[in-house]
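Shown next, in structure tokens, is the structure this report addresses.
The values are calculated or read from the model by the stated rules, or taken from the named source; none is laboratory data. Nothing here was measured: the structure is a model prediction, and the numbers come from that model. Cβ atoms come from the backbone with ideal geometry, glycine included; neighbour counts cover every protein chain shown.
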Amino acid sequence: MHDVVISGTGLWLAPEVIGNEELVAAFNAYAQRFNAENAAAIAAGTVAAVPESSAEFIEKASGIKRRYVVDKAGVLDPARMRPKLAPRPDDALSLQAEIGVAAAKQALADAGRAAADIDLTICAASNMQRPYPAMAVEIQGALGAGGYAFDMNVACSSATFGLEQAINAVKTGAARAALVVDPEICSAHLDWKDRDCHFIFGDVCTAIVVERADAAQSADRWQVLGTKLATSFSNNIRNNAGFLSRCEDRDPDDRDQLFRQEGRKVFKDVCPLAAEHIAGHVQSLGLAPSAVRRYWLHQANLAMNQLIGRRLLGREASADEAPVILDEFANTASAGSIIAFHRHRADLKSGDVGVICSFGAGYSIGSLVVRKT
């Protein structure tokens with residue numbers, strides 16, 4: 001068995017930004033239009049009126065102030081309310097692969113590695129733009145990486161689940177160095193017409209290189225002390241879009257063909273699950289939660305992370321102990337905890353221990369305990 005380190009990370013930012021105020025203006029224009037067009041049915045009680053949103057509501061409910069997106073105009077068009085993307089021919093690099101390659105190149109440069117040094121590529125994300133060929137294989141080919149590649153979807157936990165597979169492959173010798181890429185185009189499976197969730201997601205891509213400790217060249221190395229995964233079935237976060245939908249004569253615009261959640265139930269269920277999972281993981285390695293220098297948590301909701309911090313530490317976690325990036329990025333599904341790690345690790349010292357943890361639909365929870373070398 002080989003010791004394994006994280007040796008590099010990369011981050012691709014979507015080209016456009018939507019702040020809460022302009023998002024609310026577009027949503028409220030849609031709501032007013034819908035309510036006017038359906039005034040008679042609303043008065044008769046057969047159709048529910050769409051309530052208006054506000055920037056204050058969004059920030060209070062989530063902590064989110066803005067988000068990056070691949071297409072702003074389509075999202076902010078009250079007659080459309082979704083990104084507008086141009087189709088690409090099969091011989092052109094697909095969008096998810098394109099952003100995956102961009103983040104991967106950064107991670108490789110950070111690790112001091114060439115693509116040819118990689119012999120396992122995993123594309124781990126909450127949704128894939130097609131079922132096959134695998135996005136990971138397209139990314140592998142575009143980079144010029146070797147070995148093998150495959151896709152993984154464990155919703156918002158995809159990155160940590162993918163990292164465990166990569167780490168285990170390196171640990172056992174199945175791969176020398178592995179690349180995990182998380183291309184999250186969440187704006188495309190969000191219902192921008194739903195007041196309860198229209199503000200939640202943003203678009204981004206992260207990438208991480210893991211490799212044998214004795215071969216790593218990067219000056220910034222993080223030894224993997226342990227990984228832990230857990231799942232427990234729940235319908236509280238769900239998206240029913242799939243290849244059987246057309247056989248069921250479903251309308252692709254049906255509400256259940258996009259992300260939906262029972263937010264209060266998710267909060268009540270997931271916060272204790274995540275806190276117990278993390279505490280159990282670090283304790284299994286002979287550490288106390290208070291001995292962890294930094295928690296890079298899934299970035300879904302500010303109140304969730306604050307509650308998880310209190311359960312772990314018995315007090316409020318400081319921004320230094322549990323950094324927040326969702327105010328800038330919104331929820332970026334599996335990429336959130338990796339963005340936090342990418343942005344907030346440079347100041348830690350040799351010997352400092354941190355936890356990368358993501359959680360979401362499934363329910364699913366994944367964690368890595370790492371130590372700066």
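When A125, A115 are screened for being among the small types (G, A, S), touching a helix residue (DSSP H, G or I) at 6+ places or on another chain (Cβ under 9 Å) and surrounded by 19 or more Cβ atoms within 10 Å (Cβ to Cβ), only A125 passes.
Among the residues of region 91-130, the one identified as among the charged types (D, E, K, R), in a helix (DSSP H, G or I) and within 15 Å of A188 (Cβ to Cβ) is E98. Here the condition is being over 26 Å from C123 (Cα atoms), hydrophobic (A, V, I, L, M, F, W, C) and in a loop (DSSP other than H, G, I, E, B); of A346, A300, A317, it holds for A317 alone.
The one condition from (1) acidic (D, E); (2) crowded, with 18+ Cβ neighbours inside 10 Å; (3) under 19 Å from A178 (Cα atoms) that D214 does not meet is (2).
Scanning region 268-287 for residues that are free of Cβ contacts under 8 Å to residues at least 40 places away in the same chain and under 23 Å from the mean Cα position of the chain (by Cα) returns K268, P272, A275, E276, A279.
Within region 26-46, restricting attention to residues that are of a type in the set (A, V, I, L, M) and either under 30 Å from K372 (Cβ atoms) or free of Cβ contacts under 8 Å to residues at least 12 places away in the same chain (or both), the residue that is surrounded by the most Cβ atoms within 10 Å (Cβ to Cβ) is I42.
Of everything in region 1-60, what is at pLDDT 95 or above and closer than 30 Å to A213 by Cβ? Give them in sequence order. Answer for region 1-60, where residues must be at pLDDT 95 or above and closer than 30 Å to A213 by Cβ: H2, D3, V4, V5, I6, S7, G8, T9, G10, L11, W12.
Residues are listed down the side, and each one gets a yes or a no for (1) over 30 Å from R80 (Cβ atoms); (2) not in a helix (DSSP H, G or I):
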| position | (1), (2) |
| --- | --- |
| A241 | no, yes |
| D256 | no, no |
| D269 | yes, no |
| G286 | yes, yes |
| W296 | yes, yes |
| I308 | yes, no |
| R311 | yes, no |
| E321 | yes, yes |
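Name the residue that is nearest to the chain's Cα centre (by Cα), counting only residues in region 75-97 that are crowded, with 18+ Cβ neighbours inside 10 Å and free of Cβ contacts under 8 Å to residues at least 60 places away in the same chain. Among those residues, the one meeting the criterion is S94.
Anything in region 123-166 that is hydroxyl-bearing (S, T, Y) and within 23 Å of S232 (Cβ to Cβ)? List them, or say none. Let's see the steps before the verdict.
Quick first cut of region 123-166, residues hydroxyl-bearing (S, T, Y) only: 126, 132, 148, 157-158, 160.
Within region 123-166, S126, S157, S158, T160 meet the criteria.
Restricting attention to region 338-351, does a residue exist that is under 19 Å from E59 (Cα atoms), surrounded by fewer than 17 Cβ atoms within 10 Å (Cβ to Cβ) and either over 12 Å from the mean Cα position of the chain (by Cα) or free of Cβ contacts under 8 Å to residues at least 40 places away in the same chain (or both)? Scanning region 338-351 turns up no residue that is under 19 Å from E59 (Cα atoms), surrounded by fewer than 17 Cβ atoms within 10 Å (Cβ to Cβ) and either over 12 Å from the mean Cα position of the chain (by Cα) or free of Cβ contacts under 8 Å to residues at least 40 places away in the same chain (or both).
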